[in-house]
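A short worksheet on the structure shown next.
The values are calculated or read from the model by the stated rules, or taken from the named source; none is laboratory data. No experiment lies behind these values; they were computed from the predicted model shown. Because the Cβ atoms are built from the backbone with ideal geometry, glycine has one as well, and the counts that use them run over all protein chains shown.
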Amino acid sequence: METLKRLEDIQKPDERNLYWVFMSTDKQVGLEDRYAAIASISVNSSAPEDVRSYFVTLQNLCVYAWFSYDLYALVVFLSYTLIEMALKLRLPLRRKGPDKRTLKPLLQEAINLKLISAKAFTHIKRMRQEQAHNLRMFRVT
C-alpha cells in the first residue's frame, strides 16, 4: 500500500524506479535518462494551447513519478483524458447540448475521418510485448 513519504525522503527516488536498466548496457536508468526520454516527446506546435499545456503538465507529472512511482498510473489515466480532450477540440459536436462523447467513439470518428490510422496504435502492442520479454529476461538473470 502506498504511504505518504516522509519529508526527508521526498527528494529520494522511489526504489521501484531503480530496477530499470538499459538492456544493451545493463546501466541503471537514472533521473537524467528518464528526463531526457520524457523531454524528447512533444506535441505539434499547431495543437491548441490547452492541449499543449495539459501535455506539459503530464510530462512534469511523469518526471515527478521518479520520486513517487504510483504517479505513473495517474500519468497513464490523464494521457487518455488528454487524447479525449484533443479529439473533442478537433471534432466539434454537431448538435446542441453538452458533449458527452467518450474516448472510444471519438477515436472511431477520427479513424473514420482518416485523421488517425487504426494501425497507428500497433506500436503499443509491440512495446508491451518487448516489455514483457524484458521482464522475463530480468527475472531469469
Has the stretch 2-21 got at least one residue that is of a type in the set (Val, Ile, Thr) and out of contact with any helix residue (DSSP H, G or I) (no Cβ under 9 Å at 6 or more places or on another chain)? yes
So residue 54 passes all but one of these: (1) farther than 26 Å from residue 130 by Cα; (2) surrounded by 15 or more Cβ atoms within 10 Å (Cβ to Cβ); (3) modelled with pLDDT under 95. Which condition number does it fail? (3)
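Would it be correct to say that residue 101 is charged (D, E, K, R) and surrounded by 12 or more Cβ atoms within 10 Å (Cβ to Cβ)?
Yes, satisfied.
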Determine if the stretch 83-93 includes at least one residue that is at pLDDT below 95, closer than 30 Å to residue 107 by Cα and touching a Lys or Arg at 6+ places or on another chain (Cβ under 9 Å). yes
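Residue-by-condition table, conditions (1) touching a His at 6+ places or on another chain (Cβ under 8 Å); (2) among the hydrophobic types (A, V, I, L, M, F, W, C); (3) free of Cβ contacts under 8 Å to residues at least 12 places away in the same chain; (4) not in a helix (DSSP H, G or I):
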{"residue": "68", "(1), (2), (3), (4)": "no, no, no, yes"}
{"residue": "72", "(1), (2), (3), (4)": "no, no, yes, no"}
{"residue": "75", "(1), (2), (3), (4)": "no, yes, no, no"}
{"residue": "78", "(1), (2), (3), (4)": "no, yes, no, no"}
{"residue": "87", "(1), (2), (3), (4)": "no, yes, no, no"}
{"residue": "105", "(1), (2), (3), (4)": "no, no, yes, no"}
{"residue": "130", "(1), (2), (3), (4)": "no, no, yes, no"}
